[in-house]
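K.L.:
Below are the C-alpha cells for one structure; questions will follow.
Since every read-out is calculated from the coordinates, none of them should be taken as a lab result. Since we're looking at a predicted model, the values are computed, not measured. Here the Cβ is made from the backbone with ideal geometry for all residues, glycine too, and neighbour counts use every protein chain on show.
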Amino acid sequence: LPIVENSSNFSNQQVPNSYLMENGSYLRLKSLIVGYTLPKTVINRIGIDKFRVYVQATNLFTITKYTGLDPEFIGGDTAFGIDYGNYPNQKQFLFGVNVTF
C-alpha cells in the first residue's frame, strides 16, 4: 500500500460545517421602564412642581431553544455566525426619582 503524505479529510481541515448548526430564534425583553408621576394636588402642598419615581430594567428575560450563552452574538467578518462563547447579558435594575421645584 502506498503511504499518502497529505492525508486529510473533512473532519481535520477545520472547515466550518452545518453539523452543529442550531436555530437561533429568540424573544427578548431588552429594556423596560415603568414610572409614576404623583398628581399635582398632592405635591403642590409641599412646594414641589413635579415628582416622578421610576424603575428601569434591562435584559429581563430571553426565550429561546438555543443552547449557547446568548443567541444575539455577533461574529466578525471572517467568522460571521460562529458563536465562540460570548458572555451572557446581565440583568440590570435602575431606580430613580425626578423632582422639580
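K.L.:
Could you give the length gained on full extension between Asn59 and Arg45, defined as 0.36 nm per residue of separation minus the Cα-Cα distance, in nm?
P.N.:
Fully extending the segment from Asn59 to Arg45 adds 1.2 nm.
K.L.:
A follow-up question, please. Could you calculate the FRET efficiency of Asn23 with Leu69 from 1/(1 + (r/R0)^6), where r is the beta carbon distance between them and R0 is 22 Å, rounded to 0.05?
P.N.:
Given R0 = 22 Å and the Cβ-Cβ separation, E is 0.90.
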